[in-house]
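K.L.:
I have a structure here, written as structure tokens, and I will follow up with some questions on it.
The values are calculated or read from the model by the stated rules, or taken from the named source; none is laboratory data. Note that the coordinates shown come from a computational prediction; the quantities given were computed from them, not determined experimentally. Note that we place each Cβ from the backbone using ideal geometry, even for glycine, and neighbour counts take in every protein chain shown. Surface areas here come from the heavy atoms of the whole protein model, side chains and all, with no ligands, DNA or RNA. Shrake-Rupley method; radii C 1.70, N 1.55, O 1.52, S 1.80 Å.
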Amino acid sequence: MLGDDAELTAAVLAAQDGDETAFRTVYRSVHPRLLGYVRTLVGDPDAEDVASEAWLQIARDLDRFSGDADRFRGWAARIARNRALDHIRMRGRRPAIGGDETELTGKPGDADTADEAMESLATGDALALIAQLPQDQAEAVVLRVVVGLDAKSAAQTLGKRPGAVRTAAHRGLKRLAELLGADAPPSEGALDAVPPQRERRGRVVTPAGVTHSRSRAQKDM
């Protein structure tokens, strides 16, 4: 394990031992991508509040987590998704799911995705376009490309089979390529080669009012 994943894994372990600086490292590494995922579920006005609720639970339940950086991203994404769906239920609206999810079961795409679509977009523009996709495709794209989960972890987050997630991501990114006017066909295995979005150096996005059980100071993140 090298680079950012090794740093995040070490930070999670240290945060579990009560290291507040390590928890800030975890937050800064994961929050921007997690917030982008929440935005695809609840929309921009409510995303910060829902993400804050997710971080409250992450901080409270951190001692129960076991695993490396990839597992932590998936675990955090599941918590965020549950908080987002709770929020949707409370406001009396359901997410718009495009088509019957059962049609995706066991039908992985010919290739993972068209990475040209994502490479040509800034993060904000990408999320705006992703919001136009059917919900199952939008979630698959964000979890795999933005959050950086592999197909298995994304499938666990969504409660689906990996093949269904690959197909949804493939279809979603093909649609994004069409929206961008991209002519290039998707290349085999391209999705796994697309790096996850990273937070810009020096820029910290902190949800208001997030606190946690060990008095970690979110305002310093």
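K.L.:
Give just the number: which of (1) open to solvent by 10 Å² or more (accessible area, probe 1.4 Å); (2) under 16 Å from the mean Cα position of the chain (by Cα) does Ile58 not satisfy?
P.N.:
Of the numbered conditions (1) open to solvent by 10 Å² or more (accessible area, probe 1.4 Å); (2) under 16 Å from the mean Cα position of the chain (by Cα), the odd one out for Ile58 is (1).
K.L.:
Quick check on Arg39: is it basic (Lys, Arg) and at pLDDT below 90?
P.N.:
Against the criterion (basic (Lys, Arg) and at pLDDT below 90), Arg39 qualifies.
K.L.:
Show me the helices (runs of 4 or more DSSP H) found entirely inside region 1-75 where at least 3 residues are within 29 Å of Gln132 (Cβ to Cβ).
P.N.:
20-42, 44-61
K.L.:
A further question on this structure: Would you mention how many residues in region 32-54 are of a type in the set (Ser, Thr, Tyr) and touching a helix residue (DSSP H, G or I) at 6+ places or on another chain (Cβ under 7 Å)?
P.N.:
2
Rundown of residues vs (1) crowded, with 22+ Cβ neighbours inside 10 Å; (2) modelled with pLDDT under 60; (3) touching a helix residue (DSSP H, G or I) at 6+ places or on another chain (Cβ under 6 Å); (4) small (Gly, Ala, Ser), yes/no style:
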residue	(1), (2), (3), (4)
Arg64	no, no, no, no
Phe72	yes, no, yes, no
Ala84	yes, no, yes, yes
Glu103	no, yes, no, no
Ala114	yes, yes, yes, yes
Thr123	no, yes, no, no
Gln137	yes, no, yes, no
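K.L.:
Oh, and also: Between Gly189, Gly202, which is open to solvent by 50 Å² or more (accessible area, probe 1.4 Å), at pLDDT below 50 and over 14 Å from the mean Cα position of the chain (by Cα)?
P.N.:
Gly202
K.L.:
Restrict the check to region 160-176 and report whether at least one residue is modelled with pLDDT of 65 or more, under 28 Å from Asp68 (Cα atoms) and assigned to a loop (DSSP other than H, G, I, E, B).
P.N.:
Scanning region 160-176 turns up at least one residue that is modelled with pLDDT of 65 or more, under 28 Å from Asp68 (Cα atoms) and assigned to a loop (DSSP other than H, G, I, E, B).
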